[in-house]
Amino acid sequence: MTATPAATDAGSVYLPGLIIKQDLALDCESAALQVALALRNIDVPQDRIYASLPQDPRPVVLASDGYPARWGDPFTAFVGDVNGYEPHFTGYGVYYPPIVAAAERYGAVANGHLGWTIAEIVAQLHQGNAVVIWLTSDFKAHVPRYWTAWDGTRVPWAIGEHAVPVIGYDPVQSTITFVDVLYGVQRTMTTQAFAAAMTTFGGMGVAVSSGQ
């Protein structure tokens, strides 16, 4: 049985997502996908998800300002050391295309793209689907910087890159609820604040469904 969203006449919806903590320093995307998959009755541990991702362990090349000039492309692989430290640029993370591929590898249907809106996330929640959203671990809006990937791709980035599965929405309180896998807690923010935090990575997200 997949998760049935608990909805009210007022339009609130809540999915009973796992409240889990990421195992490694920077595997938030894998942990977030574990939560989203579990809601569709697909039980895959985060270490297995992470191990399935393409890896680019090549070290960063810093510019004279101390920020990355060249590094890997998180749109194609996990960049850096998963046990690294973002402020020191020893590890970073992964963006939506490899997470889509991982979700589909384990039998889900995944809809990943940039430009997600709160309304689109809520529509997915009402179908019983969690949406993994990229933002930063302080849950604030940031203007991204850019580095150049090895193949010349311009990569937007921000220190504290983070991914969380959205599992609830309350239109009366105007709030979004998600699992913060960095600490293994459930958090609730105003939709306005969450929408602002989403702008850092251009509304990057992946909705995970069973396809049935």
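So here's what we get for this one:
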quantity	calculated
Cβ pairs under 6 Å, 6+ apart, first in region 190-210 and touching a residue at least 60 places away in the same chain (Cβ under 8 Å), second surrounded by fewer than 24 Cβ atoms within 10 Å (Cβ to Cβ) and part of a strand (DSSP E or B)	THR200/THR136; VAL206/GLY112; ALA207/ASN111; SER209/VAL109
Residues of region 4-18 satisfying the condition of being assigned to a loop (DSSP other than H, G, I, E, B) and modelled with pLDDT of 85 or more	GLY11, SER12, LEU15, PRO16, GLY17, LEU18
Flag for ASP81 being of a type in the set (Asp, Glu) and either more than 17 Å from PHE201 (Cβ to Cβ) or touching a Pro at 6+ places or on another chain (Cβ under 6 Å) (or both)	yes
Sole exception among (1) within 15 Å of the chain's Cα centre (by Cα); (2) under 30 Å from THR90 (Cα atoms); (3) assigned to a strand (DSSP E or B) for THR177, by number	(2)
Within region 19-107, helices (runs of 4 or more DSSP H) holding 1 or more residues that are surrounded by fewer than 20 Cβ atoms within 10 Å (Cβ to Cβ), free of Cβ contacts under 8 Å to residues at least 12 places away in the same chain and over 13 Å from the mean Cα position of the chain (by Cα)	46-52, 96-105
When residues of region 124-157 are limited to those that are within 18 Å of the chain's Cα centre (by Cα) and assigned to a helix (DSSP H, G or I), the one surrounded by the fewest Cβ atoms within 10 Å (Cβ to Cβ)	GLN124
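The values are calculated or read from the model by the stated rules, or taken from the named source; none is laboratory data. Because the structure is a prediction, the values reported are computed rather than measured. Ideal geometry is used to build each Cβ from the backbone, glycine not excepted, and the neighbour counts take in all protein chains shown.
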